[in-house]
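Student: Encoded as structure tokens, here's the structure I'll be asking about.
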Amino acid sequence: MRFDLRRTKLVTALAGALALVVAGLCVGFFFSDRLRHDLAASSATAAPEKTDPSAPTVTNPGTGDPLTAKSVVISESQLSGVKVEPAGERLFPIEKEAVGSIDFNEELSTQVFTNYQGRIIELFARVGDEVKKGDRLFTIDSPDLIQAESTLIAAAGVLDLTTRALNRAKGLIQTHAIAQKDLEQATSDQQTAEGALRAARDAVRLFGKTEEEIDRIVADRRSDPVLLIKSPIEGQVTARNAAPGLFVQPGNPPAPYIVSDISTMWMIANVAETDIPALSVGQQVTVKVRAFPDRVYDGRITTISQMVDPNTRRVLVRSEVADPRHELRSGMFANFVIRTGDPVKSVAVPLNGVVREGDGTMTVWVTTDRRHFVKRTVKIGQQRDGYHQILEGLQAGELIAADGALFLSNALTTASR
């Protein structure tokens, strides 16, 4: 009896739950049907979307051929914004480029030292002065020069003494007042004195004294301690480390003066090791510097290092560059170009006619009727004088959008969204 009562209650509860589910479904169906009806009515009464009549028409939205994936048709009013012309051909040189710096030609630069130690008395040249070979640079008070001149004066005095003794001996020998050996001794002493005087004159001459100056020292019996240092070459004073009162010694750096022939300068560049096989000593180079962007300086390669920098994997290449106007300065940054082959003729497209896509590919827009433009992927090479070199994807004579290619590309991108 109790079991039947429990079963009856369970059946009643299940029936009630089922009734609630069915009621919920009916209500949901009613409201969803009403919502669809309202949306349909609102879409029917809404105004149609306006389109921009000036926007280009995009066709071929599919992928298809990679060379003609998509195209754009422009209207008459848009023709003024797109310049159409046939792809031409231009000569593109075979070149290698590198970055470097300008330096003095060390083979034509001289560090001017004194041959003897001394203290600087006077300076005659400043940095930037043009000097000729033999021009005065500075003077020093040299104790070594004083010693050499003292020896010269003493040698001159000994020669005078021995010469008079020889002449006297020659007179006495005639009267047999002296022996023959005394005459021979006098002759020997005079010849020895002559040799000592010549050696003393040569020693003073090494200090830069002229024959006239040496004769004056001998005649006046007065030494001149001032040693004049002259420029050994013609050029420009590029450094001065001298000052009055400074004690200088031979070969002791820094040099009091540095004189350089700046008619030629060095261009020192670090070239990638992969480019070295294309370079050789004697090749012609052209150099440009930022200070004179419109000037081109000609030169040639003089040295290619035999060592590769282990950190940068680059090789030092040194070129000798002509600078007749003396415009280049040591330390200037410079770009140099080396021609490694004869120029080649290739299809050329103006810079505004090539578009770089988001994936890095380069494209041009090709047309046959000046209205219907097709995007085409190309492979570019050099960029020179406002033109891209086209290596693949375009033939000479094909009509292209020489200007306005970016407008066509943007139109295609906008329509694809």
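Student: Taking the residues in the stretch 232-256 that are outside any loop (DSSP other than H, G, I, E, B) and farther than 25 Å from Glu149 by Cα as candidates, determine which candidate is farthest from the chain's Cα centre (by Cα).
Tutor: By that ranking, first place goes to Arg240.
Student: When residues of the stretch 289-303 are filtered for being out of contact with any Lys or Arg (no Cβ under 8 Å at 6 or more places or on another chain) and surrounded by 14 or more Cβ atoms within 10 Å (Cβ to Cβ), how many remain?
Tutor: 2
The rows are residues; the columns are (1) part of a strand (DSSP E or B); (2) over 30 Å from Arg318 (Cα atoms).
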residue	(1), (2)
Glu107	no, no
Asn115	no, yes
Arg119	yes, yes
Glu122	yes, yes
Arg126	no, no
Gly134	no, yes
Leu137	yes, yes
Asp144	no, yes
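Student: Name the one entry in Ile121, Ile140 that is touching a Gly at 6+ places or on another chain (Cβ under 7 Å), aliphatic (A, V, I, L, M) and in contact (Cβ under 8 Å) with a residue 12 or more places away in the chain.
Tutor: Only one candidate qualifies: Ile140.
Student: Something else now. Kindly check whether there is at least one residue in the stretch 187-206 that is on the phi < 0 side of the Ramachandran plot and not in a helix (DSSP H, G or I).
Tutor: Within the stretch 187-206, one or more residues are on the phi < 0 side of the Ramachandran plot and not in a helix (DSSP H, G or I).
Student: Could you figure out which of (1) under 23 Å from Ile121 (Cβ atoms); (2) in contact with an Asp or Glu (Cβ under 8 Å, 6 or more places away or on another chain); (3) not in a helix (DSSP H, G or I) isn't true of Ile229?
Tutor: The failed condition is (2).
Student: Does any residue of the stretch 112-132 turn out to be among the polar types (S, T, N, Q) and crowded, with 19+ Cβ neighbours inside 10 Å?
Tutor: Yes.
Student: Still on this structure, please answer the following. For the stretch 291-305, state whether one or more residues are touching a Gly at 6+ places or on another chain (Cβ under 6 Å) and touching a residue at least 40 places away in the same chain (Cβ under 8 Å).
Tutor: no
Student: Sticking with this one: Could you tell me whether the stretch 380-387 includes any residue that is surrounded by 16 or more Cβ atoms within 10 Å (Cβ to Cβ), among the hydroxyl-bearing types (Ser, Thr, Tyr) and assigned to a strand (DSSP E or B)?
Tutor: Within the stretch 380-387 (the criterion being surrounded by 16 or more Cβ atoms within 10 Å (Cβ to Cβ), among the hydroxyl-bearing types (Ser, Thr, Tyr) and assigned to a strand (DSSP E or B)), the answer is yes, since at least one residue qualifies.
Student: Of all strands (runs of 3 or more DSSP E) completely enclosed by the stretch 257-349, which ones contain at least 2 residues that are farther than 16 Å from Glu106 by Cα?
Tutor: Qualifying strands (runs of 3 or more DSSP E): 264-272, 284-289, 292-308, 314-322.
Student: Just checking, does the stretch 242-259 include any residue being modelled with pLDDT of 90 or more, touching a helix residue (DSSP H, G or I) at 6+ places or on another chain (Cβ under 8 Å) and within 25 Å of Lys132 (Cβ to Cβ)?
Tutor: no
Student: Ok, one more. In the same structural domain as Thr286 (by TED's automatic domain parsing), buried (at least 17 other Cβ atoms within 10 Å of the Cβ) and under 30 Å from Ser263 (Cα atoms): is that true of Val321 in this structure?
Tutor: yes
Student: Among the numbered criteria (1) free of Cβ contacts under 8 Å to residues at least 40 places away in the same chain; (2) buried (at least 17 other Cβ atoms within 10 Å of the Cβ), which one does Leu227 miss?
Tutor: Failing condition for Leu227: (1).
Student: Starting from the stretch 200-214, keep only residues that are surrounded by 12 or more Cβ atoms within 10 Å (Cβ to Cβ) and at pLDDT below 90, then list their pairs with residues that are not hydroxyl-bearing (Ser, Thr, Tyr) and not in a helix (DSSP H, G or I) whose Cβ atoms are within a distance under 6 Å, requiring at least 6 positions of separation or different chains.
Tutor: Listed pairs, sorted by first residue: Phe207/Leu227; Gly208/Leu228.
Student: Further, regarding this structure: Scan the stretch 369-417 for residues that are among the β-branched types (Val, Ile, Thr) and either in contact with a Pro (Cβ under 7 Å, 6 or more places away or on another chain) or at pLDDT 90 or above (or both) and jot them down.
Tutor: Once the filter is applied, which keeps residues that are among the β-branched types (Val, Ile, Thr) and either in contact with a Pro (Cβ under 7 Å, 6 or more places away or on another chain) or at pLDDT 90 or above (or both), the stretch 369-417 yields Val374, Thr377, Val378, Ile380, Ile390, Ile400.
Student: State which residue is farthest from the chain's Cα centre (by Cα) when the search covers only the stretch 345-360 and only residues that are farther than 15 Å from Lys83 by Cα and surrounded by 14 or more Cβ atoms within 10 Å (Cβ to Cβ).
Tutor: So the residue we want is Val347.
The values are calculated or read from the model by the stated rules, or taken from the named source; none is laboratory data. Everything numeric in this text was worked out from a predicted model, so none of it was measured. FYI the Cβ positions are ideal-geometry reconstructions off the backbone, even for glycines, and counts take in every protein chain you see.
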